[in-house]
Structure formats: C-alpha cells, structure tokens
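What follows is a short report on a single structure.
The values are calculated or read from the model by the stated rules, or taken from the named source; none is laboratory data. Nothing here was measured: the structure is a model prediction, and the numbers come from that model. Neighbour counts are summed over all protein chains in view; Cβ atoms, including those assigned to glycine, are modelled from backbone coordinates with ideal geometry. Areas reflect the complete protein model, heavy atoms only, side chains present, ligands, DNA and RNA absent. Shrake-Rupley method; radii C 1.70, N 1.55, O 1.52, S 1.80 Å.
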Amino acid sequence: MSRKLASWDTAIILLTVLVLIIASLAVDNFGTSRNFTFMVLDLLPIILVALPMTFIIVTGEIDLSVASTLGLTSSLMGWFWNHGLSIETIIPLCIVIGAVAGAFNGFLITGLGLPSLAVTIGTLALYRGLALVVLGDSAVADFPFNYTGWVTGTLSWLPWLDGAVPNVLILIVVLALIFGVILHATPIGRSLYAIGANAQAAHFAGIRVARTKFWLYVVSGAVAGLVGVLWTLRYSSARADNGAGLELAVVAAVLLGGVSIFGGKGSLPGVLAGVVLLTALQNALRLEDVSGQALNIVTGALLVLSVLLPNVISSIRGNWQRRKLRQSAAS
Amino acid sequence: MAEAAALLEVHDVTKSFGAVAAVQGVSFPLYGGEAHALVGENGAGKSTIVKMLAGVHRPDTGTLRIEHTDVDFTGPADAKAAGIAVIYQEPTLFPDLSVAENIAMGNQPLTRLRQIDRPATHANAERLFQRLGVHLDPTRPARGLSIADQQLVEIAKALSSEARILIMDEPTAALSAVEVARLFAVVRSLRDEGAAILFISHRFEEITELCQRVTIMRDGKHVATELVADLTVDDMIRRMVGRDLSALFPKQEVAPGEVMLEVSGLTREGVFRDISFTVRAGEIVALAGLVGAGRSEVVQAVFGVDPYDSGTVRVRGRSLKRGSPRAAMAAGLALVPEDRRQQGLVMELSIERNVTLPRARKLARLGLLFGGAERKAALTWTQKLQTKLGSLADPVGTLSGGNQQKVVLAKWLSTSPQLLIVDEPTRGIDVGTKAEVHRLMSSLAADGLAVVMVSSELPEVLGMADRVVVLREGRVAAVLDRAEATEESVMYAAMGQGAA
C-alpha cells in the first residue's frame with residue numbers, strides 16, 4: 001500500500017511531463033523561449049518558498065506566514081533604499097530579517113508549544129500589518145537596473161541557448177539541489193520524516209525534535225526574505241502587499257506533489273513537479289485566454305484531486321486486501 | 001449472603017490476541033449484594049475480563065450470563081443496557097460539560113419540545129449525590145475535579161442508568177487514604193442495596209476490607225474463587241505467583257566488572273523519589289514492581305527522554321547531562337522502550353530507516369547517506385537477530401510483534417551500547433521469540449554489557465537478573481540479590497506487605 005502511495009510523486013512527475021508536452025504541441029507560444037522565461041519567473045517565488053515548506057510539512061507542521069514575511073521584507077527593502085542604504089547591504093539584511101521573523105514563529109511553536117497553524121495564521125496577519133506600517137500603500141520603484149535586470153534577464157554566456165535560460169533558473173536549480181540532497185540523503189532528512197511520522201519515537205531515538213523544527217522555521221523565514229528581495233527586484237517595486245496569497249499556492253503545490261499534510265511522507269521531486277504542473281497549467285490556460293476565475297477552478301480542482309486520489313486508491317486497495325484475507329481465512 | 005442465584009456469570013471464557021491467549025477458560029460468578037475481588041499479577045488477564053464485561057472485547061469462546069440468560073455484547077452500549085457499569089482507574093468525563101450533564105450523557109431528560117431539560121438534569125444529579133451521600137456541585141464543570149470525585153461522578157452515572165453490576169478496575173490506584181475510605185463507603189452502600197461489585201486492586205488490605213469473595217487468576221487462567229474470609233493474604237499471593245518455573249532462562253554466570261551506571265537520589269516530583277542503584281559491566285539488574293510503580297519513568301529519566309528534578313546519573317563515574325537522549329547515547333546508553341508502537345518504532349518508515357535512525361549521523365560520509373550504508377547496517381543487525389522480514393524497505397508496521405521487537409533491539413544494539421536498558425523486552429511477543437530475547441540478553445551480558453531490565457514478568461526477573469530493585473509507589477522498596485529474590489519476596493516488596 002505504501003509503495004503505491006509513494007508512487008504518487010512518480011505519477012505527478014509523469015503527469016507534469018505529459019502536460020508540458022501537450023501544452024507545447026497544442027498551445028501557441030507555449031514552447032517559445034520568451035514564454036519559458038516568463039514561466040520560470042512565475043515559478044520562482046512558489047518553488048523557492050516550497051522548498052523549506054516541504055521540510056516543515058514533512059515534520060507535520062505548517063508555515064502560513066511566508067507570504068507576509070515576503071511582503072515585510074519587500075517593504076523594508078523599499079524603506080532601507082529610501083533611507084540611503086546600499087543594495088549590497090539591503091539584500092543580506094532582508095534575508096536576516098526574514099530569518100528573524102521565522103525564528104519568532106519557531107520560538108512560539110517549539111518554545112511555547114503552540115500549534116503551528118494558529119501561530120502562523122497569527123503572524124501572517126502580524127507581518128503583513130508591519131509591512132503596511134513600514135511602507136503604507138506607497139511603492140518604491142527606483143532600484144538599480146543591474147539588479148532588477150539580473151532577475152529578469154537570461155544567461156548571456158550561453159549563446160547557443162539563444163537567451164532562453166533565465167538567470168534565476170540557476171538559483172532555483174542550486175537551491176533545489178541543496179534542499180533535495182538534505183531531505184533525501186542526509187541524517188537531517190531522515191530525522192524530518194521520523195519527526196513527522198512519530199515525534200515521540202524520534203525523541204526516544206535521540207533526535208532533537210524541537211530544535212530541528214525551530215531551525216526549519218528560521219530557514220523558511222530566510223528563504224521568504226530572499227524571495228521578498230527577488231520579487232521586489234523582478235517587478236522593480238517594493239510594496240507592502242507583494243506576494244499576498246502566495247502561501248496558499250505554495251501549500252497547494254506541496255500537497256499536489258504528494259507530501260502528506262499529516263507529516264512523514266513526501267519527496268522533493270514530487271513537490272517540484274507539483275509546482276511546475278500548477279504553473280505550467282495556469283500559463284497554458286492563460287495563453288488560451290481562459291479567464292482568471294476558470295484558472296482558480298482548475299487549481300482548486302487539482303488540489304482536491306491530489307488529496308482525494310491517494311486516499312481513494314489506498315481504500316480500494318485496503319478493501320481488496322481485506323477481501324483476499326477473508327477468502328484465504330475461509331478456505 | 002445470597003448464595004442463591006448469581007447476577008452475572010462468567011462461564012468458560014477464552015480470549016486470544018493474535019497468538020497470545022490472554023484469558024483461557026475462566027469461570028466465576030458475581031452475586032448481588034456482594035463485592036468480589038479479582039486479583040492476579042500484571043498480565044494475568046484481569047483487564048481482558050473487564051473489557052469483555054464492558055463489551056469492549058467479545059469472548060472467542062464461552063459465554064457471559066446475566067440472571068441465567070446468555071448475553072452477547074457487540075459493544076459497550078449493550079453492556080450498559082444489560083446493567084453493567086465500569087469505573088476505570090482514570091475516568092473519562094467530558095471536561096467542559098457540567099457534572100450533571102456528564103451524568104446525564106446518553107439519556108438526557110427532555111422537555112416536551114425535545115430540548116434538554118436542564119432543571120431535571122440538575123435535580124437528577126442532586127438526587128444521586130444525596131443517595132451516595134457525597135457533596136458535589138452538579139453545576140460545576142467536570143474539569144478540575146480530582147480523580148476521586150471523577151470516579152464518584154462515574155458511579156452516579158452508573159446509578160442513573162440503573163446499573164446492577166459495577167466493575168471497578170483499580171479505582172484506588174490514584175486515591176489518597178481519605179478518598180479511598182469515602183469511595184468504599186459509597187461502594188458498601190451500593191453493595192448493601194443489592195448491586196454486584198467486581199473490584200480489581202493490587203492492595204490486599206483493601207480486598208480484605210471490602211470484598212467477600214475473591215477470584216485469583218494467573219497467566220490468563222482461573223486459579224481459584226473462594227470466600228475472602230477463608231484465605232490469608234499469604235495464601236492469595238502464593239496462588240497468584242505460584243507457578244512452576246517451567247520456562248528456562250539461560251542465565252550465564254559472569255564476574256561483574258567496573259561500575260557502569262550509578263544512579264543516586266534520583267527524584268522527579270510526584271513520579272519517583274530518591275531512587276539509587278548501580279549496575280556493573282556484565283550484570284543484569286532488574287527493576288521490578290507493579291504497573292504504575294514508576295519503573296519506566298525512572299529508566300526514561302536515566303536515558304534523558306524525561307526530565308528529573310534532583311539526584312545524579314553517572315556513567316563510568318562521569319555525570320550524565322540530564323534530559324538529553326543524545327548525551328546518553330554518546331555515553332554508551334541505549335533504551336529499548338516499553339511502548340514499541342509509540343516510542344520504539346516509526347511504524348510508517350521502512351525497517352532499514354528504523355534500524356539506522358539513532359545512528360544515521362555515524363553512517364553518513366561527508367554528511368551524506370549513500371544508499372548502501374544504511375542497508376548494510378540494517379542487514380547486519382536484522383540477520384544477527386534472525387528477524388523474519390520480506391524486504392528491508394517494507395514499513396516496519398507490516399512485521400509481527402515479535403519481529404518488530406527484534407527491529408527495536410537491532411536498532412539499539414547497532415549503536416554498540418555499553419549499557420543497555422530494556423523496558424518490558426518481551427511484552428506481547430510469543431514464547432519462542434521470548435526465549436531468543438532472553439538468550440540474547442544473557443550473551444550480551446556475558447560479553448561485558450551492563451543491562452537494566454524493567455519487567456512485569458516475575459519469572460523473567462528471577463530468571464535473568466543478578467539483582468532485583470523492587471519499586472513501589474515511586475520508591476525503592478527493596479534491593480534483592482539473586483539468592484534472596486523469590487517470587488514471594490519480590491511480590492511482598494512490590495505490594496508493601498512487610499519486609500522481604
């Protein structure tokens with residue numbers, strides 16, 4: 001049964017490839033290098049935030065405050081810039097502030113033992129509120145072009161790819177590799193699954209459950225801070241409402257990728273496929289002039305299916321096995 | 001006392017869980033107007049009897065009869081309808097409902113508009129409390145009531161459903177002397193009104209005080225049902241434990257080495273107090289005592305999964321950081337915990353991942369775990385312990401209980417400990433695997449491993465241990481050498497019946 005469930009991420013990877021192929025053939029302009037660049041830029045925030053989110057959900061927790069952390073760092077970036085700090089100072093500062101925001105979540109959750117869902121819904125509002133305090137509803141737009149241009153630009157040292165590979169793809173690939181290796185090939189990764197599946201047994205095995213979770217939130221905050229910077233640079237606009245609602249897209253993608261909301265199950269390749277599938281589907285439908293509401297319907301339906309299907313499959317298999325057991329007991 | 005008709009009869013009842021026969025052919029009657037004690041060691045099958053009477057379990061064979069009519073309970077509701085009420089050691093009330101609402105739960109009085117009749121609910125509760133002669137405010141929420149008061153609420157609930165058979169599963173374990181006296185007064189008045197009481201307790205003074213008849217069980221079998229007046233406490237204890245030591249324990253004689261573990265004055269408020277003992281290399285020291293005596297809590301504090309308030313734990317003379325399983329592991333300790341499903345294993349994860357979980361960091365090269373390392377380590381140890389399994393990649397939850405226990409042992413033995421703590425190492429596993437586990441522990445000790453064994457099974461304690469530390473209610477009641485330790489001396493110390 002579990003093997004069948006584990007293959008959910010294989011299924012989602014295959015489905016993603018299938019959708020990409022069909023879309024390239026059937027949808028005009030989908031396969032162009034220009035559209036590819038746009039897709040990667042659309043992917044960027046979801047995929048980066050999804051990396052630590054996968055870790056957190058694997059341990060059975062959740063972080064809904066990520067988009068607000070993004071908004072907060074975006075606002076602060078504008079505020080710092082207006083106050084004359086150099087961009088080279090602002091970027092690391094924003095990442096650190098994101099990490100501090102994450103550490104606050106981590107402290108409430110592991111230090112005080114509060115439920116992560118409640119805590120991060122609270123800080124979702126809190127951080128977004130702080131973002132508004134910092135910048136109000138104004139926007140800061142005059143960031144230096146060599147930075148904004150890098151985020152939206154493509155690799156120039158790969159001329160044979162005709163400027164099709166966006167710079168940020170390098171960032172995505174590097175971070176995804178790092179997170180993937182940690183999750184699937186290190187003792188830390190092993191402990192995350194153990195924590196999510198049975199925190200008590202993990203504690204008895206010498207795993208520092210609270211400390212591990214705390215650092216996951218710090219990392220999640222830091223990545224959200226980084227994404228806040230990238231978001232601001234991409235649109236050349238620091239605003240308090242940047243990234244609003246992103247947390248739901250991220251959680252949707254992670255669950256679609258086969259990570260169990262109850263913890264203990266899931267894989268990073270599955271999550272990456274989940275993100276690509278959602279983004280590609282939306283991109284293709286938009287190219288076909290499908291309305292925004294219809295897009296939401298498709299995303300929502302996919303998410304429900306992703307939660308429903310594995311359960312249906314496993315209950316069918318369970319019934320089947322029980323029937324077989326009963327037959328063998330009868331004979 | 002009415003010898004006439006039994007209110008309830010347990011007739012030749014058998015119940016097995018998997019390969020383990022928990023209750024085998026047990027029969028005894030319960031008479032109205034009589035309190036009947038059910039005694040036996042841990043694991044003798046008392047709780048299984050209770051659960052069958054409560055409708056939680058169904059007997060495999062045999063029947064339950066109420067007033068000469070066979071009854072077949074398909075669930076607790078049936079048992080309740082038949083007039084059986086069960087008071088557990090820890091009652092399960094709804095904390096946010098009022099006392100009166102808890103009592104009325106399931107058969108609330110209704111007004112004509114089919115609304116719950118609150119005044120009637122409260123009046124009912126008031127009447128019941130008066131009948132029981134207790135003073136409790138029916139309108140207060142159940143949250144914050146003492147265990148004793150919660151039990152009284154449960155008894156009132158039983159009365160409100162007109163139960164005639166009251167089963168009390170170790171109701172006094174968590175009560176003070178005053179509370180016990182109050183409870184007994186209530187139970188006596190119910191008994192005198194004609195109810196049949198089945199009373200389970202490890203305290204003999206309570207049995208002689210309250211009960212007229214006693215049924216003694218051992219290893220799931222019925223030993224005797226007699227009038228309490230005809231037996232002495234000694235008689236009861238002897239019959240409870242007096243089994244032939246048929247199982248062979250392959251204890252090897254080992255000259256003890258240096259002191260590995262030294263626990264002194266270990267105290268955790270309200271759980272255990274002033275616990276001291278030492279374990280030498282090559283020795284097996286057993287922690288014996290009744291369930292709830294604090295044995296598991298002590299070893300969990302030693303290993304660092306639980307905190308403690310004062311005292312010291314020294315490993316080879318060096319004091320061990322408290323509250324850190326990781327420090328304990330680094331000092332060479334390993335703990336095979338009591339609860340395999342919750343503490344020992346991560347059921348959803350593969351056998352391989354479970355075995356290597358505590359030492360994944362040691363198996364990693366440059367911080368990375370390459371496929372082979374974990375598999376090889378897991379293979380080595382599961383083969384050493386002759387674990388029957390399909391594939392190391394299967395979830396550990398698919399194995400039988402005995403093989404799961406071997407996986408837990410493999411998990412901890414693979415850390416090459418110098419001090420192995422095993423908590424109920426053979427609980428719920430079949431006889432063959434039990435013997436294997438005993439052989440393994442014995443040979444490990446012979447190789448110089450220090451072993452601390454918590455066990456509720458007396459033959460195991462007596463057969464394996466060089467020394468027995470008997471705990472009672474969180475304190476060391478006796479430390480017995482192998483020569484001094486007999487079933488009687490251990491049970492005496494565990495139950496606080498005089499000095500051993």
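Once the Cβ-Cβ distance of B:Glu126 and A:Phe107 is raised to the sixth power relative to R0 = 56 Å, the FRET efficiency obtained is 0.70. Separation of the alpha carbons by more than 20 angstrom is noted, of B:Lys15/B:Lys388; B:Lys15/B:Lys221; B:Lys384/B:Lys406; B:Lys411/B:Lys434; A:Lys213/A:Lys265, for B:Lys15/B:Lys388. For the segment B:339-349, counting C-beta atoms of other chains within 10 Å of every residue's C-beta and taking the mean gives 6. Could you check how much of the accessible area of the stretch B:259-495 is carbon and sulfur, as a whole percent, using a 1.4 Å probe? Solvent-exposed carbon and sulfur of the stretch B:259-495 make up 47 percent of the total. Using Cβ point charges alone (K and R +1, D and E -1), the dipole size of the stretch B:340-473 about the Cα centre works out to roughly 500 debye. The Kirkwood hydrodynamic radius of the stretch B:284-406, based on inverse pair distances between different Cα atoms, is 16.3 Å.
With R₀ fixed at 60 Å, the C-beta to C-beta distance from A:Leu175 to B:Val291 puts the FRET efficiency at about 0.70. Accessible area per residue (1.4 Å probe, heavy atoms of protein chains only) ranks A:Ile316, A:Ile178, A:Ile91 as A:Ile316, A:Ile178, A:Ile91, with the largest value leading. Applying Stokes-Einstein at 4 °C and 1.567 mPa s to the Kirkwood radius of the stretch B:259-495, computed over alpha-carbon pairs, gives a translational diffusion coefficient of 72 µm² s⁻¹. The stretch between B:Arg143 and B:Val233, if pulled fully straight at 0.36 nm per residue, gains 28.6 nm over its current Cα-Cα span. Annotation: average projected area of the protein assembly as shown is 43.9 square nanometres, based on the convex hull of Cα atoms across all directions. Taking amide H as placed 1.01 Å from N in the peptide plane, the amide H of B:Ala288 sits under 5 Å from that of B:Val469, B:Val470, B:Leu471, each at least 5 places away or on another chain. Remark: the stretch A:58-149 projects, on average over all directions, an area of 6.9 nm² (convex hull of Cα atoms). Near the amide H of A:Thr59, within less than 5 Å, lie the amide hydrogens of A:Gly264, all on another chain or at least 5 residues away, with H placed in the peptide plane.
Taking a ≥ b ≥ c as the square roots of the eigenvalues of the Cα gyration tensor of the stretch B:372-416, is the shape rounded (a/c under 1.5), prolate (a/b larger than b/c) or oblate? Oblate, because a/c is 1.5 or more while a/b does not exceed b/c. Farthest towards the positive end of the charge dipole of the stretch B:114-183, among the residues B:Val180, B:Thr121, B:Pro138, is the Cα of B:Thr121, using unit charges on the Cβ of Lys, Arg, Asp and Glu.
Exposure check, 1.4 Å probe, all protein chains in place: B:Lys434 carries approximately 50 Å² of accessible surface.
When the Cα positions of B:Val99, B:Val407, A:Thr186 are compared along the charge dipole of the protein assembly as shown, A:Thr186 comes out farthest toward the positive end, with charges on each C-beta of Lys, Arg, Asp and Glu. Here the label points at B:Ala81 and B:Phe17, each 7 Å from Cα along the C-beta direction, are separated by 2.7 nm in the simple model.
For the pair B:Leu379 and B:Ala185, the difference between a 0.36 nm per residue extended length and the Cα-Cα distance amounts to 63.8 nm. Against the main long axis of the alpha-carbon atoms of chain A, helix A:187-197 sits at an angle near 60°. For B:Thr69, the accessible area of its heavy atoms, probed at 1.4 Å with every protein chain present, is near 80 square angstrom. Interface residues of the stretch A:145-194, defined as those losing at least 40 Å² of solvent-accessible heavy-atom surface relative to the isolated chain (probe radius 1.4 Å), are listed as A:Ala185, A:Pro187, A:Arg190. Rg and Dmax over the alpha-carbon atoms of the stretch A:44-275 stand at 17.8, 55 Å.
Dividing the summed -39500 (n - 2.57) terms of all DSSP H runs of n ≥ 4 by the residue count of chain B sets its mean residue ellipticity at 222 nm at -9500 deg cm²/dmol. Bridgeable lysines around B:Lys80 (alpha carbons under 18 Å apart, same-chain partners fewer than 8 residues away excluded): B:Lys51, B:Lys157.
Here the stretch A:146-281 is treated as a Stokes sphere of Kirkwood radius computed over C-alpha pairs; at 20 °C and 1.002 mPa s its diffusion coefficient rounds to 125 µm²/s. Per residue, the Cα convex hull of the stretch A:128-201 amounts to 184 Å³.
The stretch between A:Trp79 and A:Leu287, if pulled fully straight at 0.36 nm per residue, gains 71.3 nm over its current Cα-Cα span. Of the residues A:Arg317, B:Arg439, the one with the largest accessible area comes first in the ranking B:Arg439, A:Arg317, computed with a 1.4 Å probe on protein heavy atoms.
Set the Förster distance to 35 Å, then compute FRET efficiency between B:Gln418 and A:Arg211 from the Cβ-Cβ distance, nearest 0.05. Please report the intermediate quantities before stating the final value.
On the way: r = 26 Å, r/R0 = 0.75.
It comes out at approximately 0.85.
The 3J(HN,Hα) values that the Karplus relation (6.51, -1.76, 1.60; θ = phi - 60°) gives for the stretch B:123-133 are, in residue order, 4, 4, 4, 4, 4, 5, 5, 4, 4, 7, x Hz. Gly and Pro appear as x.
Give me the Kirkwood hydrodynamic radius of the stretch B:1-140 in Å, from all C-alpha pairs, to one decimal place? Value: 17.5 Å, from the Cα pair sum. When each of the peptides B:146-153, A:196-203, A:270-277 is scored by how many other beta carbons lie within 10 Å of its residues on average, the order from highest to lowest is A:270-277, A:196-203, B:146-153. Given a 1.4 Å probe and the protein chains as shown, A:Ile87 ends up with an accessible area of around 10 Å².
Summed over both chains, the area buried between A and B is near 2100 Å², taken from the accessible surface of protein heavy atoms with a 1.4 Å probe. Using bins 20 angstrom wide from zero, how does P(r) for chain B break down, in % of all Cα pairs? In whole percents, the pair-distance histogram is 21, 48, 27, 3, 0. Rounded to the nearest whole Hz, the Karplus-based 3J(HN,Hα) values (6.51 cos²θ - 1.76 cosθ + 1.60, θ = phi - 60°) of the stretch B:340-348 follow the sequence 4, 6, 9, 10, x, 10, 9, 4, 6, with x at glycine and proline.
For the stretch A:84-135, the convex hull drawn through the C-alpha positions has a volume of 75 cubic angstrom per residue. When the residues B:Phe94, B:Phe184 are ordered by accessible surface, computed with a 1.4 Å probe over the protein chains alone, the sequence from largest down reads B:Phe94, B:Phe184. When you restrict to C-alpha pairs under 8 Å that are six or more residues apart and normalise by the size of the stretch B:360-444, the relative contact order lands at 22 percent. Element breakdown for the stretch A:44-275 at a 1.4 angstrom probe: carbon and sulfur atoms account for 73% of the accessible area.
Charge dipole of the protein assembly as shown (Cα centre as origin; +1 on each Lys and Arg Cβ, -1 on each Asp and Glu Cβ, all else neutral): 1960 debye, rounded to the nearest 20.
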